[in-house]
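Working notes for the structure below.
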Amino acid sequence: MNFESHVLVDMTVKQVQDALAKGDQPAIAVLEGEPSRTLSNSAYLRDPARAEAFERQVAEEANHIDLERVILAVPQISRPETIDEETSVQLRSPYTGGPVLEDDGEMHVILWVLWDAEEGHESGMVPYRRKRDGTPVFDAFDGSDYIFSIPLNVGGGPGLVLLRELLSEKLRRTGP
């Protein structure tokens, strides 16, 4: 990941953390280019149709600027899953399936999906925890120590509609 993308991940994760600390759970998208834009949607996690519409809106906005990179960051609950001796990460909205099931290895994360004009696609997550009263705790987030990459689940999830709208099958930018 190049320096500019790393700064964008840090900045966007911090925006989601600030929103979580205030009791909101938005999806935040930042489009860097000329001009840059930030979009937010608080209904994203509660309604799959609104999530898809938001990602399409972000892609449409991206087509109207000279896009250098775009990121989508969303609070999720992750769970490791092993299938055929391969470990993957399953994600779900904090609004579905009840609270975190720690015995199943679930944890709160901020999932991020990034596309950079120079380096292409990358995705990852930043874990955080919650106190018993629900207050989020962000353990000394200082960048790369708490950011790790994950492969996207091609079956669905945050960011896939956005990437499909922005990129061709060969992962090349389709818009201007």
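The values are calculated or read from the model by the stated rules, or taken from the named source; none is laboratory data. Being a predicted model, the structure only gives us computed values, none of them experimental. Methodologically, a virtual Cβ is constructed for each residue, glycine included, from the backbone with ideal geometry; neighbour enumeration extends over all protein chains shown. The protein model used for the area step is the full one, side chains on, heavy atoms only, and it has no ligands, DNA or RNA in it. Shrake-Rupley method; radii C 1.70, N 1.55, O 1.52, S 1.80 Å.
Once phi is turned into ³J(HN,Hα) by the Karplus curve 6.51 cos²θ - 1.76 cosθ + 1.60 with θ = phi - 60°, what whole-Hz value does each residue of segment 15-32 show in order, with x for glycine and proline?
4, 5, 4, 4, 5, 4, 5, 8, x, 9, 9, x, 8, 10, 10, 10, 10, 9
What order do PHE54, PHE3 take when sorted by accessible area (1.4 Å probe), most exposed first?
PHE3, PHE54
At 7 Å along the Cα-to-beta-carbon direction for both ALA21 and ARG130, put a label point, then send me their distance in nm to one decimal.
1.8 nm
Over segment 3-95, give the accessible area per residue in Å² for a 1.4 Å probe, as an integer. If you can, show how the numbers build up before the last one.
Details: 4630 Å² over 93 residues.
So segment 3-95 comes to 50 Å² accessible per residue, rounded to a whole number.
Provide the per-residue ³J(HN,Hα) series for segment 132-138, in order, calculated from phi with Karplus coefficients 6.51, -1.76, 1.60 and θ = phi - 60°, each as a whole number of Hz, with x at glycine and proline positions.
The phi angles translate into 4, 7, x, 5, x, 10, 10 Hz.
Taking amide hydrogens as modeled 1.01 Å from N in the peptide plane, which residues meet the under 5 Å criterion relative to TYR44, leaving out close sequence neighbours?
ALA27
Net charge around GLY105, counting only other residues with Cβ within less than 10 Å of its Cβ (Lys, Arg = +1; Asp, Glu = -1)?
-4
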